[in-house]
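See below for the structure under consideration.
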Ligand SMILES: [Zn+2]
C-alpha cells in the first residue's frame, strides 16, 4: 500500500525508530498502523470512514484477528472509533478535541525545541545533513505541487525534530498527536488551505543552525498557531446544524 511512495520519500524513519510501540508489536501490525496513519494524513481516509475488517485483512494480506488488534490499538490512540454492532470508523474529532490536540502539541513541541536549542554547537554533521535533505524534499514536493508528498513530509519534519531531541517518550507522544492533528485538519480545514508550510520549516531549520537563543522555539510556536488558525473550529457541531436551512434550495419532491 505504501511501499512505492515510501521508497522515494523515506519519511517514516523516525516513527519506525521511536517508541516502544513498534518494538512490542509484530512488524505486520506496526506496518498496518503506519499505513492507516499515512492514509489519514494524506486524506485518503477522511474522518468517519468505515474500516471493515474484511477489506483491511485483504488489503494487507493478514488475518481478521490481526486487523482487529490493530483497530483496537488505533482506538486506544483515539484515531479510530469503535461502535458496538456497527464496527470501526476513522475518528471524527470535535472542535474541542482538535483544540486539545494542538494545545498538547504546543507543550510537547516546545519541550522538543528547547532540547534542540540546548544541543552543543555546531550541530553534528549527520543531523545537519538529514535536516537539509529533508528541507530539499519538502521544497521539491512544493515545487511539483505534490500535495500528498507535502502532507507526508510535513508530519515527518516534526517527527525528525523529535528524534533529534533524543527523548523517545516525547517522540512517541508526538507520533500520536500528529496522527490526531491530521484528523483535525481533515475535519476542519478551510477550503484550499495547506497544513504546514515548507517555508516555515525552512526558517525553523535555519534557526536551529544559527542558534539564536529562543528563536527556533518561538518559530515553532508561531508555526503551530498558524496551522491551527487554518482550521475552522467554530464549525457547527452536528446537533446544531439546521438541516432545513442546508436543503432550502433543494427542489421539492411531490
Ligand atoms: Zn510543520
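Here are the numbers:
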read-out	value
Single unsatisfied condition, residue 151 versus (1) at pLDDT 90 or above; (2) surrounded by 15 or more Cβ atoms within 10 Å (Cβ to Cβ); (3) within 13 Å of the ligand (Cβ to nearest atom); (4) under 22 Å from residue 100 (Cβ atoms)	(1)
The listed residue being surrounded by fewer than 17 Cβ atoms within 10 Å (Cβ to Cβ), in contact with a helix residue (DSSP H, G or I) (Cβ under 7 Å, 6 or more places away or on another chain), modelled with pLDDT of 90 or more and not assigned by TED's automatic domain parsing to the domain that holds residue 165, out of 110, 64	64
Selected residue (only one of 172, 145 is away from the ligand (no atom under 14 Å from the Cβ) and on the phi > 0 side of the Ramachandran plot)	145
Residues located in segment 45-61, provided they are in contact with a helix residue (DSSP H, G or I) (Cβ under 8 Å, 6 or more places away or on another chain), surrounded by 12 or more Cβ atoms within 10 Å (Cβ to Cβ) and without any contact (Cβ under 8 Å) to a residue 60 or more places away in the chain	45, 51, 53, 56, 57, 60
Qualifying position, being out of contact with any helix residue (DSSP H, G or I) (no Cβ under 8 Å at 6 or more places or on another chain) and not assigned by TED's automatic domain parsing to the domain that holds residue 30, among 155, 166, 172, 145	145
Test: residue in segment 6-28 that is part of a helix (DSSP H, G or I), modelled with pLDDT under 50 and within 14 Å of residue 148 (Cβ to Cβ)	yes
Residues of segment 86-116 that turn out to be in a loop (DSSP other than H, G, I, E, B) and either free of Cβ contacts under 8 Å to residues at least 12 places away in the same chain or over 16 Å from residue 232 (Cα atoms) (or both), as a count	2
Helices (runs of 4 or more DSSP H) wholly inside segment 137-221 that include at least 1 residues being touching a strand residue (DSSP E or B) at 6+ places or on another chain (Cβ under 6 Å)	168-188
Lone qualifier among 232, 242, 238, 249 - being over 30 Å from residue 130 (Cα atoms), more than 16 Å from the ligand (Cβ to nearest atom), at pLDDT below 90 and in contact with a strand residue (DSSP E or B) (Cβ under 9 Å, 6 or more places away or on another chain)	232
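The values are calculated or read from the model by the stated rules, or taken from the named source; none is laboratory data. If you're wondering where the values come from, they're calculated on a predicted model, not measured in any experiment. Cβ: placed from backbone, ideal geometry, glycine included. Neighbour counts: every protein chain shown.
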